[in-house]
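Down below is the structure, laid out as C-alpha cells.
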Amino acid sequence: MSEHKHLKLGVFGFGCVGQGLYHVLNETHGIKAEIKKICVKNRNKSRILGSEIFTYDKNDILSDPEIDVVVELIDDSNAAFDIVKSALQNGKHVVTANKKMLAEHLTEIYELQLKYDRSVLYEGAVCGSIPILRNLEEYYDNDLITSIEGIFNGSTNYILTKVFEEKKTYVEALKGAQELGFAESDPALDVKAFDPKFKLTIAIAHTFGVFLKPEEIINIGIDKISTVDLKYAKENNYKIKLIARALKSDGKIYGFVIPQFVPTDNMLATVRNEYNAVLVEGAFAEKQVFIGKGAGSYPTGSAVLSDVSALAYGYRYEYKKFTQGEDLIFSNNATVDVVVSFPVGTLISNHDFENFKGGYQGNGHQYLTGSVKLEKLKAWYEWDNVSVILAPELNLVPIEKNKKELLYA
Ligand code: HSE
C-alpha cells in the first residue's frame, strides 16, 4: 500500500462502536479515510445517517473494488469471522474490534494475513482506547516481558466501582453498564469473565508469542461475589478488581482471569468505572502502566480509527514474539493464594488446600485462605454460593511434575 493513501472504508455494524467510529472520524482532521458504505442487519431501525450510505447486502462492500478496508464491528463472532475471511480473500485490509472472534480464530487470522498479504489490525479489541497491542509489538519488541496484568473489562470494573462506592446493588450496577453501552449483548460474557479472557488470549499472543484457544485459560467472574466479601474487603482496606494476567515462570506461561483483593494503595485499586489498566513488567524497563477507557462508543471508536490511520501508512502486526519464538508452553498447573468464602455446610475444607493458612466463621459463612490449585478454583466457581477471590499476594507456585512423569522423563 502506498504511503498516506486515502482509504475508502466499508463498515459492518452500526451499533455503539460503529457510531463511535463515525463521530470520531468526522471530528478528526488529517485522517485520510472516508466511509463509503455501512452494512447493517436490521432494516427497521431508525438511523442517525441517511439511507443512501446503508446496505443490507454484504457483497456491496466485499465485492466493491473501490473499498480498501473492511471495518468489522458486528456482534456475532461467527458471521464476523466469515466477513474477515472474505475481505482478506478479496484483497482488503481489515480492522476489527471483535475480541471473541479474534481469540477463537487467532491462528487462522495470522495465517490468512500471510496467505493474502493483507493486514488485520485490532487495537480496539483489547482494553478499548489503551494502545497496548502496538506497544507490545513495537516498543517491547526487544525487552523480555515477564508479566502483563490488569483490568481488561470495563463493565465489571464499572459494576465493582458502583457497588463499592455508591452502595448500588449488583443488578442496578449491571443495568447502568448496559445503559451506557459498556456491556456485551450477553452480559454473562462480562460478569463471568469471558470477555477479558478473550482479550487476554489476544494479548498473550503479542506478549509471549503463544497462540492459545480461549478455553485453555481459566476465567472466574464477579457474579459470585457476595456482600460478605465486600464487607471483608472494606474491613481489610482492599478493593476487589477483576484481574487478567499472564506471567512467565520457569520457562512456562501461566494466565488466568480471576477477581482479586487489591490493597487500596495499589495503583490498580485507583482505576475506577469503565477505565481499564495494563501493567507490563519487563526485565529491564521494569513496571509500566497504561490506563484508559476500556469500553464505550468514542474511546473504542478512537482505537478503531487509529488502526485505520495505521493502515494508511501500511502498518501490520509482525507477531514478533511468535516469529522470534522461544516456544513457551502454557500451563495451568500451579497453585495460587486465595480467599474462598461459602455458606457453612459447603463441602470445602482445609484438606482442599495445598498450603492451608487459616480460616474463620461468622454469620453462617465460612472463609478459608491458603494456596489452591488453579483447576480446583475453576471447579469451585461452578458451585452455588462459593466465592473465589485471589489474595492480595498472588504467590503463584508451579506444581512440579509428579513422580510417575519424572520416572519416564
Ligand atoms: N463489554 C466490554 C467491556 C466492552 O465492558 O469491557 C469493551 O470491550
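For the stretch 145-164: of the residues being of a type outside the set (Ser, Thr, Tyr) and over 18 Å from Glu179 (Cβ atoms), which is nearest to the ligand (Cβ to nearest atom)? Out of the qualifying residues, it is Phe152. For the stretch 337-353, what are the residues that are in a loop (DSSP other than H, G, I, E, B) and surrounded by fewer than 13 Cβ atoms within 10 Å (Cβ to Cβ)? Matches in the stretch 337-353: Val344, Gly345, Leu347, Ser349. Each residue in the stretch 283-301 was checked for being surrounded by 17 or more Cβ atoms within 10 Å (Cβ to Cβ) and more than 13 Å from the ligand (Cβ to nearest atom), and 1 of them qualify.
Taking Ala103, is it farther than 21 Å from Gly296 by Cα, at pLDDT 95 or above, surrounded by 23 or more Cβ atoms within 10 Å (Cβ to Cβ) and small (Gly, Ala, Ser)? Answer is no for this residue. Restricting attention to the stretch 198-233, the residues that are more than 16 Å from the chain's Cα centre (by Cα) and without any contact (Cβ under 8 Å) to a residue 24 or more places away in the chain total 2. Being surrounded by 13 or more Cβ atoms within 10 Å (Cβ to Cβ), assigned to a loop (DSSP other than H, G, I, E, B) and outside the structural domain of Glu215 (by TED's automatic domain parsing): is that true of Asp57 here? No: the conditions fail for Asp57. Yes or no: Ser185 among the hydroxyl-bearing types (Ser, Thr, Tyr) and part of a loop (DSSP other than H, G, I, E, B)? So Ser185 fits the description; yes.
For the criterion of being away from the ligand (no atom under 16 Å from the Cβ), part of a loop (DSSP other than H, G, I, E, B) and either on the phi > 0 side of the Ramachandran plot or at pLDDT 95 or above (or both), Phe211 passes.
Scanning the stretch 345-375 for residues that are farther than 22 Å from Pro392 by Cβ and hydrophobic (A, V, I, L, M, F, W, C) returns a single hit, Leu347.
Checked against the criterion of being out of contact with any Phe, Trp or Tyr (no Cβ under 8 Å at 6 or more places or on another chain) and in contact (Cβ under 8 Å) with a residue 40 or more places away in the chain, the candidates Lys252, Lys241, Lys293, Lys248 yield just one match: Lys241. When Tyr140, Tyr116 are checked against the criterion of being modelled with pLDDT under 95 and either of a type in the set (Ser, Thr, Tyr) or more than 27 Å from Asp250 (Cβ to Cβ) (or both), a single residue qualifies: Tyr140. Scanning the stretch 26-76 for residues that are without any contact (Cβ under 8 Å) to a residue 24 or more places away in the chain and of a type in the set (S, T, N, Q) gives Asn26, Asn42, Asn44, Ser46, Ser51, Thr55, Asn59.
Against the conditions (1) surrounded by 17 or more Cβ atoms within 10 Å (Cβ to Cβ); (2) on the phi > 0 side of the Ramachandran plot; (3) at pLDDT below 95, Gly13 satisfies every one except (3).
For the stretch 189-201, the set of residues classified as away from the ligand (no atom under 11 Å from the Cβ) and in a helix (DSSP H, G or I) consists of Lys197, Leu200, Thr201, listed by residue number. Could you count how many residues in the stretch 96-144 are away from the ligand (no atom under 16 Å from the Cβ) and either assigned to a loop (DSSP other than H, G, I, E, B) or of a type in the set (S, T, N, Q) (or both)? Qualifying residue count, the stretch 96-144: 11.
The values are calculated or read from the model by the stated rules, or taken from the named source; none is laboratory data. All of these numbers come straight from a predicted model, not from anything done at the bench. Don't worry about glycine lacking a Cβ; one is built from the backbone with ideal geometry, like all the others, and counts go over all protein chains shown.
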